[in-house]
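A quick write-up on the structure given underneath.
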Amino acid sequence: MATRAALCWRHVAVFAAALLAAAAVVVAGDPGKIGICHGRVGSNLPPPAAAAALLRQNGITKARLFLPDPAVLPAFAAAGIDLMVGVPNENLTFLSAAGPDGALRWLQSAVLAHAPADRVRYLAVGNEVLYNNQFYAPHLVPAMHNLHAALVSLGLGDKVKVSSAHASSVLASSYPPSAGAFDAASLDVLRPMLRFIADTGAPFMVNTYPFISYVNDPVNVQLGYALFGAGAPAVSDGALVYTNMFDATVDALAAALDREGFGAVPIAVTETGWPTAGHPAATPQNAAAYNAKIVERVARGAGTPRRPGVPVEVFLFDLYDEDGKPGAEFERHFGIFRADGSKAYNINFA
Ligand SMILES: *[C@@H]1O[C@H](CO)[C@@H](O)[C@H](O)[C@H]1NC(C)=O
């Protein structure tokens, strides 16, 4: 009896801990609301207040900023928009070396001086460091720890979640989804990061573009599969069936997390989208189809085949075209809105 009661209580405790963790995630960011990324690498961008007003006019109350721009933060905060604030890669060396006190000073002067803590939901520490900025890799987790310690000292340790946005190439294997595994070369950084985000209730953040998967491998990736097309040939993976690449990517990540013993860590898609020009498949029609599907899934809290009933928080990329982005032509054409505030294609967020 005693053993059984003890076991029961352990279950209750584990269950309560799981509930608390789930509650913590919901407090950090509401997965039922779509977010939009606002990059500002462009020469013709509207002022921050106009960008913030445009989001509000469209019923969007959540945005990802790639850096704590002192002109953008107050405008978005004043409009009541909840923020994921990027901590630039260039700042990681300092934040790792400076300890919690240095991180606190940086956080206060770079972020909290410009936006009240109430509006800050996430710090995305570094962007795609493990993909193309290996120089910063050793500084990433120490910087995350220091920023978290700084937040704890402000009483914000549970409210502002600290994570890091990864390119989907963080997976060395993603097909079939159940074979998902992290790139072995990144495990030295990823394992302590996973421990940290699991302990603090933060999500694993990933940027994923089925469009780019299609462009890079049109022979094996069908356009319909990338686009959530009805009737795209499905991929069977054991008992699970995948009808689109978005689900398959999220679940490959879920499998990789499982493999490392962190199967309960939530996944947030911190960038996804579809461009309107610069490639034959980059059309306003395709962009409308892809993004409308993402919006609809987020609104109904859709899970994935491997994690049914677990909503995925998503930030669409991008609010406007960014004509200063380097790389392939399509990189400059992800904007959902034009600079004059009109829609680049028909899409609704309500
Ligand atoms: C780091 O962050 C601050 C505030 O955003 C900025 O002024 C500074 O120049 C950044 N870069 C480096 C290399 O420290």
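The values are calculated or read from the model by the stated rules, or taken from the named source; none is laboratory data. Please read all numbers here as calculations on a predicted model, not as lab measurements. Note that we place each Cβ from the backbone using ideal geometry, even for glycine, and neighbour counts take in every protein chain shown.
Quick check: anything in the stretch 320-335 of a type in the set (A, V, I, L, M) and touching a Phe, Trp or Tyr at 6+ places or on another chain (Cβ under 9 Å)? Can you show your working first?
Initially, the stretch 320-335 is screened for residues of a type in the set (A, V, I, L, M), giving 328.
From what is left, the residues that are touching a Phe, Trp or Tyr at 6+ places or on another chain (Cβ under 9 Å) are none.
Scanning the stretch 320-335 turns up no residue that is of a type in the set (A, V, I, L, M) and touching a Phe, Trp or Tyr at 6+ places or on another chain (Cβ under 9 Å).
Quickly run through the stretch 52-64 and pick out the residues that are free of Cβ contacts under 8 Å to residues at least 60 places away in the same chain, out of contact with any helix residue (DSSP H, G or I) (no Cβ under 8 Å at 6 or more places or on another chain) and buried (at least 18 other Cβ atoms within 10 Å of the Cβ).
Across the stretch 52-64, there are no qualifying residues.
How many of the residues in the stretch 99-112 are within 10 Å of the ligand (Cβ to nearest atom) and farther than 17 Å from Ser163 by Cβ?
Adding up the residues that qualify gives 3.
Pull out all pairs, ordered by first then second residue, where Cβ-Cβ is under 6 Å, the residues are six or more apart or on different chains, the first lies in the stretch 96-114 and is over 18 Å from Ala71 (Cβ atoms) and modelled with pLDDT of 95 or more, and the second is near the ligand (Cβ under 10 Å from one of its atoms) and in a helix (DSSP H, G or I).
Short answer, once both residue conditions are applied: Ala103/Leu95.
Say whether the condition of being of a type in the set (Lys, Arg), modelled with pLDDT of 95 or more and within 12 Å of the ligand (Cβ to nearest atom) is met by at least one residue in the stretch 117-125.
No, the stretch 117-125 has no match at all.
Can you tell me how many residues within the stretch 86-97 are more than 10 Å from the ligand (Cβ to nearest atom) and among the hydrophobic types (A, V, I, L, M, F, W, C)? Can you show your working first?
Residues of the stretch 86-97 more than 10 Å from the ligand (Cβ to nearest atom): 86, 96-97.
Then drop every residue that is not among the hydrophobic types (A, V, I, L, M, F, W, C), which leaves 97.
Residues meeting the conditions: 1.
Please count how many residues of the stretch 190-206 are in a helix (DSSP H, G or I) and either buried (at least 21 other Cβ atoms within 10 Å of the Cβ) or touching a His at 6+ places or on another chain (Cβ under 7 Å) (or both).
So the answer is 5.
Considering only the stretch 100-113, I want to know if a residue exists there that is among the aromatic types (Phe, Trp, Tyr) and over 21 Å from Ala51 (Cα atoms).
To start, the set of residues in the stretch 100-113 that are among the aromatic types (Phe, Trp, Tyr) comprises 106.
Next cut, over 21 Å from Ala51 (Cα atoms) only: 106.
Checked against the condition, which is being among the aromatic types (Phe, Trp, Tyr) and over 21 Å from Ala51 (Cα atoms), the stretch 100-113 yields at least one hit.
Mind checking which pairs have a first residue in the stretch 65-76 that is of a type in the set (Gly, Ala, Ser) and a second that is part of a helix (DSSP H, G or I) and more than 8 Å from the ligand (Cβ to nearest atom), Cβ under 8 Å, 6 or more apart or different chains?
Close Cβ pairs (under 8 Å, with a partner that is part of a helix (DSSP H, G or I) and more than 8 Å from the ligand (Cβ to nearest atom)) amount to Ala71/Pro48; Ala75/Pro48; Ala75/Ala49; Ala75/Ala51; Ala75/Ala52.
Okay, residues lined up against (1) within 29 Å of His333 (Cβ to Cβ); (2) touching a His at 6+ places or on another chain (Cβ under 6 Å):
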site	(1), (2)
Ala226	yes, no
Gly238	no, no
Thr276	yes, yes
Pro280	yes, no
Pro284	yes, no
Tyr290	yes, no
Arg300	yes, no
Arg307	no, no
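Identify all residues within the stretch 232-257 that are closer than 14 Å to Gly180 by Cβ and without any contact (Cβ under 8 Å) to a residue 40 or more places away in the chain; write none if there are none.
If the condition is that a residue be closer than 14 Å to Gly180 by Cβ and without any contact (Cβ under 8 Å) to a residue 40 or more places away in the chain, then Met245 is the only one that fits.
Could you list, in sequence order, the residues of the stretch 313-343 that are touching a Cys at 6+ places or on another chain (Cβ under 6 Å) and either closer than 17 Å to Gly278 by Cα or assigned to a loop (DSSP other than H, G, I, E, B) (or both)?
Scanning the stretch 313-343 gives Phe317, Asp318.
Look at Leu140 and say whether it is more than 11 Å from the ligand (Cβ to nearest atom), aliphatic (A, V, I, L, M) and outside any helix (DSSP H, G or I).
no
Residues of the stretch 151-186 being free of Cβ contacts under 8 Å to residues at least 40 places away in the same chain and either in a helix (DSSP H, G or I) or of a type in the set (S, T, N, Q) (or both), which ones?
Val152, Ser169, Ala184, Ala185
Output the residue which, of all residues in the stretch 55-71 that are under 17 Å from the mean Cα position of the chain (by Cα), part of a loop (DSSP other than H, G, I, E, B) and within 16 Å of the ligand (Cβ to nearest atom), is farthest from Ser109 (Cα to Cα). Lay out the reasoning, then the answer.
Taking the stretch 55-71 and keeping what is under 17 Å from the mean Cα position of the chain (by Cα), we get 60-68.
Now restrict to residues that are part of a loop (DSSP other than H, G, I, E, B): 60-61, 66-68.
The next check asks that each one be within 16 Å of the ligand (Cβ to nearest atom); those that pass are 66-68.
On the way: Phe66: 17, Leu67: 13, Pro68: 10 Å.
Selected residue: Phe66.
Could you list, in sequence order, the residues of the stretch 147-160 that are surrounded by 17 or more Cβ atoms within 10 Å (Cβ to Cβ) and either of a type in the set (Val, Ile, Thr) or under 21 Å from Ser186 (Cβ atoms) (or both)?
Within the stretch 147-160, Leu147, His148, Val160 qualify.
Residues that are surrounded by fewer than 16 Cβ atoms within 10 Å (Cβ to Cβ), at least 1 per element: which strands (runs of 3 or more DSSP E) completely within the stretch 225-284 meet that?
Result: 235-237, 240-242.
Please determine, by comparing only the residues of the stretch 296-350 that are hydroxyl-bearing (Ser, Thr, Tyr) and buried (at least 20 other Cβ atoms within 10 Å of the Cβ), which one is farthest from the chain's Cα centre (by Cα).
Going through the stretch 296-350, the residues hydroxyl-bearing (Ser, Thr, Tyr) turn out to be 304, 320, 342, 345.
From the residues that got through so far, the ones that are buried (at least 20 other Cβ atoms within 10 Å of the Cβ) too are 304, 320.
Values: Thr304: 16, Tyr320: 18 Å.
This residue is Tyr320.
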